[in-house]
Amino acid sequence: MAQTVDDLGSDCSLGSDRSLGSDRSLVLDRPDDWHVHFRDGDVLADVVTATARQFGRALVMPNLKPPVTSADQALAYRARILSSLPSDSTFEPWMTLYLTDRTSAEMVRDAKRSGCVLAFKLYPAGATTNSDSGVTDLRNCRAALAEMERQGVVLCLHGEVTGPHDDIFDREALFISRVLQPLRQDFPALRLVFEHITTEEAASYVAQADGPICATITPQHLLFNRNRMFQGGLRPHFYCLPVLKREHHRLALIKAATGGSPRFFLGTDTAPHPRHLKEADCGCAGCFSALTALELYAQVFDQQGALHRLEAFASHHGADFYGLPRARSKVLLRRRPQRVPQACRFGSEEVVPLLAGETIEWTLEGPVAAQD
Ligand code: NCD
Ligand code: ZN
């Protein structure tokens, strides 16, 4: 249960169940981020540090170059992530494998046995950053999908069709009828996460579907509609995939995230690219939100009068779906303005965070000692 405190210094009463009305602080079980892009190499430590400051665990996406397709590669990537953390860090990375036309049932069993892989990730070929090795036709993956269904291994979906004539704003809705419904008919027990949903259609499909399907929602899709990409000029740092949509879609996502359904949980899709590849002739898709993600979600829930539901969305629903224990530690968020930095270190380059230079309403104060 989320708890609030009026004043951190003198009255940090974790057992309090006072109403949230005028309180300015909120204590939560430590949240997890069920969709992150950590990249690799000399930027890895910078990116991991930002997420580990906010979250207890994260599900790490496999779209490296080359992609992470085998359990051995995932174990090695996980080891690199862990060694980029300070030795006293308790942050846990959980891994995904990149589904390809060549993923076999044996590869699924290896993944399950590895103990560190929670899911495979479907990138329809050409859908997004580094998706050239993605699936060209799900019929090529039938053996792997059947094995995932048997083993209870989750399939995370980048839910967009990629046809050259499919309008970019319709790609998610078309994915539901063309790919998701047939997939669920063939594999009804397959555990699915519809990642970074952006539309009313996806939110209502997930809310109403029978069977094991959930969805993640990013801060940018809760905060902005597509106007934000064109406000006063072209704004590359608000360009991500799936692309921001119309206002009625944003309102549907807010309703889904703040409504209390266990089908919806936190996944930031934090996706850093160096500044020069965003502010470019053909700019990369992705928002780097890891720095202030929790504060941004808090702002959305606060504006809805739904702060009492933030903990379930951010800290419980995802862990429950993935079959992991809920966090034992807590964090403290305070309704206190902070200015987002203009840029952050990204190896030898820099990355521009979401809402760089702007003031946001909440601040993550850090971990809180558990009471027991
Ligand atoms: C992601 C990336 O850069 O890896 N980009 C994005 O816009 N979200 C890939 C993805 O999740 O689509
Ligand atoms: Zn992503």
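The values are calculated or read from the model by the stated rules, or taken from the named source; none is laboratory data. These numbers were taken from a predicted model, which means no experiment stands behind them. Positions of Cβ are backbone-derived with ideal geometry, glycine not excepted, and every protein chain shown enters the neighbour counts. Remember, those area values only see protein heavy atoms, side chains included, never the ligands or the DNA or RNA. Shrake-Rupley method; radii C 1.70, N 1.55, O 1.52, S 1.80 Å.
Some notes on this structure:
- Of everything in region 108-133 that is open to solvent by less than 40 Å² (accessible area, probe 1.4 Å) and away from ligand 1 (no atom under 16 Å from the Cβ), the residue that is nearest to Leu145 (Cα to Cα) is Val108.
- Those helices (runs of 4 or more DSSP H) of region 177-249 in which at least 1 residues are surrounded by 23 or more Cβ atoms within 10 Å (Cβ to Cβ) and touching a Cys at 6+ places or on another chain (Cβ under 6 Å), considering only elements entirely within it, cover 219-223.
- Considering region 23-49, the residues that are crowded, with 24+ Cβ neighbours inside 10 Å and part of a helix (DSSP H, G or I) include one that is farthest from ligand 2 (Cβ to nearest atom), namely Val48.
- Every pair of residues 6+ apart whose Cβ atoms lie under 7 Å, when the first sits in region 141-155 and is charged (D, E, K, R) while the second is open to solvent by 40 Å² or more (accessible area, probe 1.4 Å): Glu147/Arg109; Glu149/Ala189
- Residue ID - farthest from Asp101 (Cα to Cα), chosen from residues in region 137-172 that are open to solvent by 20 Å² or more (accessible area, probe 1.4 Å) and within 23 Å of the chain's Cα centre (by Cα): Phe169
- Answer residue from region 269-288, given it is within 10 Å of ligand 1 (Cβ to nearest atom) and part of a loop (DSSP other than H, G, I, E, B) and is most open to solvent (accessible area, probe 1.4 Å) among those: Cys284
- Only residues that are within 23 Å of His37 (Cα to Cα), in contact (Cβ under 8 Å) with a residue 40 or more places away in the chain, open to solvent by 40 Å² or more (accessible area, probe 1.4 Å) and not in a strand (DSSP E or B) were counted in region 324-366, giving 3.
- Only one of the listed residues (Cys287, Cys344) is closer than 23 Å to Leu234 by Cβ, among the hydrophobic types (A, V, I, L, M, F, W, C) and touching a His at 6+ places or on another chain (Cβ under 8 Å). That residue is Cys287.
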